[in-house]
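These notes are about the structure you will find just below.
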């Protein structure tokens, strides 16, 4: 399972790439050097709140969006989440989940 630092690193890289920015360009936009961005994206360090705020501004997103890790979580996490959901569901809920699954996979 990924640590918070690893999830944050993956998310920052994902967001940067989604905006078509290089590490160099993002570093320029937030007033940091490229090594700093690289270190953040390999989970070498935690960014300060000031740096996160600058990154959010540079990417045109809200600060809270940086912490939406759903798109960078691994298969193991997702499988465990599904197991928990299914184990905690009664028969009626399981039937509803199955119907939704069938609708989205057809």
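Read-outs throughout are calculated quantities, based only on the coordinates presented, and are distinct from any laboratory measurement. Predicted, not measured: the structure shown is a model, and the values here were computed from it.
With Rg/Rh (Cα atoms, Kirkwood Rh) defined as stated, name the option among (1) 1.14; (2) 1.33; (3) 0.97 computed from the structure displayed.
This structure yields the entry labelled (1).
From Cα pairs below 8 angstrom and at least 6 apart in sequence, can you work out the relative contact order of the chain, rounded to a whole percent? Working shown, then result.
Working: 69 pairs, mean separation 33.4, N = 106.
Answer for the chain is 32 percent.
Divide by every residue of the chain the summed helix terms, -39500 (n - 2.57) for each DSSP H run of at least 4, and state the resulting mean residue ellipticity at 222 nm, rounded to the nearest 500 deg cm²/dmol.
Details: 7 runs with 74 residues, N = 106.
Using -39500 (n - 2.57) per qualifying helix, the result is -21000 deg cm²/dmol.
Enter the Cα centre distance for the pair region 1-34 and region 36-92, rounded to the nearest angstrom.
Using only Cα atoms, the two centres lie 12 Å from each other.
On C-alpha positions alone, give me the angle between the axis of helix 49-59 and the longest principal axis of the chain, in degrees, nearest 10.
Once rounded, the angle reads 80 degrees.
Roughly how tilted is helix 75-87, in degrees to the nearest 10 and between 0 and 90, from the longest Cα axis of the chain?
30 degrees
Gain in length, residue 97 to residue 81, computed as 0.36 nm per residue apart minus the alpha-carbon separation, to one decimal in nm?
Values: separation 16, 0.36 × 16 = 5.76 nm, distance 1.37 nm.
That works out to 4.4 nm of additional length.
On a 0 to 90° scale, report how tilted helix 91-105 is relative to the longest principal axis of the chain, with both axes built from alpha carbons and the result rounded to the nearest 10.
Between helix and principal axis, roughly 60 degrees.
In a GNM of the chain with a 10 Å cut-off on Cα contacts, which of 38, 71, 89 has the highest mean-square fluctuation?
Taking springs between Cα atoms under 10 Å, the residue moving most is 89.
Using a Gaussian network model on the chain with a 10 Å cutoff between Cα atoms, which of 25, 75, 92 fluctuates the most?
92
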